[in-house]
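S.K.: My structure is below; once you've seen it, I'll send some questions.
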């Protein structure tokens, strides 16, 4: 899984390895979403507990009956929303209980489908949550959390030409800010909303043209938190999220135009 450390050096306990065999799929075309669903179910049922290490990539892909790229996509999704945690050189683990909690997004997805929640409503919810979270983080962030924020910003600057990788650092930055707020309820709510918006953005971010500006906006948030300036942190977060929404609208528009041009080209 790239640099996620799921190598063969650490053996998977037999009792844990065995539970994956029951999930071996006999059908083709298993999707990353199905991988996510399967692993979530195992965590919710207690078959996988906080701190458990997943098997090495090639073994887990075989046990689940999926391709390695499909497995990577599923695990990346769960890592992004804080359910799994990658530890360099050690592997991928189920997040420990003391890590930032994450609510299952399925209920919000269902409500969205039933009531037709708009992207603007989702954005407003995130804006309200994250402005408050940023202010709390400016008051409560630890030196370790500040170091994590700085690391994610460095990752953003290093990946401005690789939008999909940039988006992972972006999400992890916001998760760290949320954890720094010290409020687990706000953190869980933010992760739930942001994970859905992350999935929306992941479909368009490859068309992003302003990621250096986005990195600067994150730097401004970091600076305000580091200086314990709560109001500056709130405003820096507001500016960033508003700009992010505008950027995504541009990406969606570009994606729509490209699709229309492709259709018109096929008609000729």
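The values are calculated or read from the model by the stated rules, or taken from the named source; none is laboratory data. Quick caveat, the model's predicted, so the values are computed rather than measured. In this analysis, Cβ positions are derived from the backbone assuming ideal geometry, glycine residues included, and neighbour counts consider all displayed protein chains.
S.K.: May I ask you to verify whether residue 228 is assigned by TED's automatic domain parsing to the domain that holds residue 143 and on the phi > 0 side of the Ramachandran plot?
M.R.: Numbers: assigned by TED's automatic domain parsing to the domain that holds residue 143: yes; on the phi > 0 side of the Ramachandran plot: yes.
It is true that residue 228 is assigned by TED's automatic domain parsing to the domain that holds residue 143 and on the phi > 0 side of the Ramachandran plot.
S.K.: Right, next: Out of curiosity, is residue 152 out of contact with any strand residue (DSSP E or B) (no Cβ under 6 Å at 6 or more places or on another chain) and surrounded by fewer than 16 Cβ atoms within 10 Å (Cβ to Cβ)? Walk me through it before giving the result.
M.R.: Numbers: out of contact with any strand residue (DSSP E or B) (no Cβ under 6 Å at 6 or more places or on another chain): yes; surrounded by fewer than 16 Cβ atoms within 10 Å (Cβ to Cβ): no.
Considered against the rule, which asks whether it is out of contact with any strand residue (DSSP E or B) (no Cβ under 6 Å at 6 or more places or on another chain) and surrounded by fewer than 16 Cβ atoms within 10 Å (Cβ to Cβ), residue 152 comes out as no.
S.K.: If you check residue 63 against the conditions, is it at pLDDT 80 or above, buried (at least 17 other Cβ atoms within 10 Å of the Cβ) and in contact with a strand residue (DSSP E or B) (Cβ under 9 Å, 6 or more places away or on another chain)? Don't jump to the end; show me each part of the working.
M.R.: Values: at pLDDT 80 or above: yes; buried (at least 17 other Cβ atoms within 10 Å of the Cβ): yes; in contact with a strand residue (DSSP E or B) (Cβ under 9 Å, 6 or more places away or on another chain): no.
Spelling it out, it is not the case that residue 63 is at pLDDT 80 or above, buried (at least 17 other Cβ atoms within 10 Å of the Cβ) and in contact with a strand residue (DSSP E or B) (Cβ under 9 Å, 6 or more places away or on another chain).
One line per residue, one yes/no per condition, for (1) crowded, with 17+ Cβ neighbours inside 10 Å; (2) at pLDDT 80 or above:
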residue: 68; (1), (2): no, yes
residue: 82; (1), (2): yes, no
residue: 97; (1), (2): no, no
residue: 108; (1), (2): yes, no
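S.K.: Count, please, the residues in segment 133-147 that happen to be crowded, with 18+ Cβ neighbours inside 10 Å and assigned to a helix (DSSP H, G or I).
M.R.: Applying the first criterion (crowded, with 18+ Cβ neighbours inside 10 Å) to segment 133-147 yields 133-138, 141, 145.
Then keep just the ones that are assigned to a helix (DSSP H, G or I); that gives 133-138, 145.
Going through segment 133-147 one residue at a time, the tally reaches 7.
S.K.: Do we have residue 23 as at pLDDT 80 or above, buried (at least 17 other Cβ atoms within 10 Å of the Cβ) and touching a helix residue (DSSP H, G or I) at 6+ places or on another chain (Cβ under 8 Å) here? If you could, list the steps in order and put the result at the bottom.
M.R.: Working: at pLDDT 80 or above: no; buried (at least 17 other Cβ atoms within 10 Å of the Cβ): yes; touching a helix residue (DSSP H, G or I) at 6+ places or on another chain (Cβ under 8 Å): yes.
In short, no.
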